[in-house]
């Protein structure tokens, strides 16, 4: 038995309306695929409880949390968030935050853990933006610092959109290195300043992306982190509706492997989160996210997926 833990809850689903660009079903679909093909076992999946309010307040303002939970956000705030408010959205957000917190705690013990959600990097202390209600990685970092489990952190954000909320939250925190590699002309229009931002031109493909990432990792690792958070967004995909880059599914799998192998070779614990993904075919988004977990199993446990072995999964 491995000591790997992946955090998932059926409460990662929320009622956001049919036809919304955010594929809210992807969390369940990724879990189901990984179980059906044998990449994951039932005993590796852990369900998080809702996050504690005291943990949220380490990052977010009391006013925002109170109004979010009470359904008192303004119409402007809801528009900026991009998701309709509901009790199920609040519940989903609290469980997803907890998934990243628990994955971070476990990674500090075992070296690797995953949240089958998270990477909500557009959320600011006082508001949500870009489908991100609360900033899970920021809260997890502050929780681990409070509990004295880790002091220094590296965020490797490979979502196609800049992690603006995360950059803002940690702009005066030298113990947290924020690295965002994203589309130059994509959302958000006005970007914050990360510790290192690498902006990519529209149409950037596998080769340039992977070479740029390979070159950047040794530079950002001079920060000597105790823990890495990896945001493996599926939206750099060539068929993503919100992406504008041209990475293939195989290129994104190689991206995951590069980050994971780097962390393992440097004996630094790492947490994987899902972040965004909006492919025209939801099955492409699911496959990309599933590949991140397949890469974890391959890099850390030498477990080749059924697909990699040429087996057909029914």
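Picking from 96, 107, which residue would you name as being assigned to a helix (DSSP H, G or I), in contact (Cβ under 8 Å) with a residue 12 or more places away in the chain, crowded, with 22+ Cβ neighbours inside 10 Å and in contact with a strand residue (DSSP E or B) (Cβ under 6 Å, 6 or more places away or on another chain)?
Exactly one of 96, 107 is assigned to a helix (DSSP H, G or I), in contact (Cβ under 8 Å) with a residue 12 or more places away in the chain, crowded, with 22+ Cβ neighbours inside 10 Å and in contact with a strand residue (DSSP E or B) (Cβ under 6 Å, 6 or more places away or on another chain), namely 107.
Please find, among 220, 228, 258, the residue that is more than 24 Å from residue 28 (Cα to Cα) and assigned to a strand (DSSP E or B).
Values: 220 fails: assigned to a strand (DSSP E or B); 258 fails: assigned to a strand (DSSP E or B).
Among 220, 228, 258, only 228 is more than 24 Å from residue 28 (Cα to Cα) and assigned to a strand (DSSP E or B).
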| message | residue 270 - would you say it is surrounded by fewer than 22 Cβ atoms within 10 Å (Cβ to Cβ) and either closer than 25 Å to residue 8 by Cα or without any contact (Cβ under 8 Å) to a residue 40 or more places away in the chain (or both)? | response | no
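Scan 243, 233 and give me the residue that is modelled with pLDDT under 95, within 24 Å of residue 123 (Cα to Cα) and buried (at least 24 other Cβ atoms within 10 Å of the Cβ).
Values: 233 fails: modelled with pLDDT under 95.
Exactly one of 243, 233 is modelled with pLDDT under 95, within 24 Å of residue 123 (Cα to Cα) and buried (at least 24 other Cβ atoms within 10 Å of the Cβ), namely 243.
Against the condition exposed (fewer than 15 other Cβ atoms within 10 Å of the Cβ), touching a residue at least 12 places away in the same chain (Cβ under 8 Å) and over 17 Å from the mean Cα position of the chain (by Cα), how does residue 50 come out, does it pass? First the steps, then the outcome.
Details: exposed (fewer than 15 other Cβ atoms within 10 Å of the Cβ): no; touching a residue at least 12 places away in the same chain (Cβ under 8 Å): yes; over 17 Å from the mean Cα position of the chain (by Cα): yes.
So residue 50 does not fit the description; no.
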| request: Being within 18 Å of the chain's Cα centre (by Cα) and part of a helix (DSSP H, G or I) is the filter here, so list the residues in the range 239-250 that pass it. | output: 249
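When only residues in the range 172-198 that are surrounded by 14 or more Cβ atoms within 10 Å (Cβ to Cβ) and over 19 Å from the mean Cα position of the chain (by Cα) count, which is nearest to residue 123 (Cα to Cα)? Walk me through it before giving the result.
Quick first cut of the range 172-198, residues surrounded by 14 or more Cβ atoms within 10 Å (Cβ to Cβ) only: 173, 175-184, 186-188, 191-192, 194-198.
This time we only want the ones that are over 19 Å from the mean Cα position of the chain (by Cα), so: 173, 175, 184.
Numbers: 173: 17, 175: 20, 184: 19 Å.
Here the residue is 173.
Of the residues 29, 89, 58, which single one is within 19 Å of residue 10 (Cα to Cα), touching a helix residue (DSSP H, G or I) at 6+ places or on another chain (Cβ under 7 Å) and modelled with pLDDT of 95 or more?
Numbers: 89 fails: touching a helix residue (DSSP H, G or I) at 6+ places or on another chain (Cβ under 7 Å); 58 fails: within 19 Å of residue 10 (Cα to Cα).
Sole residue among the options that is within 19 Å of residue 10 (Cα to Cα), touching a helix residue (DSSP H, G or I) at 6+ places or on another chain (Cβ under 7 Å) and modelled with pLDDT of 95 or more: 29.
The values are calculated or read from the model by the stated rules, or taken from the named source; none is laboratory data. Small disclaimer: the values here were computed from a predicted structure and weren't measured. Cβ coordinates were reconstructed from backbone atoms using ideal geometry, including for glycine residues, and neighbour counts include every protein chain displayed.
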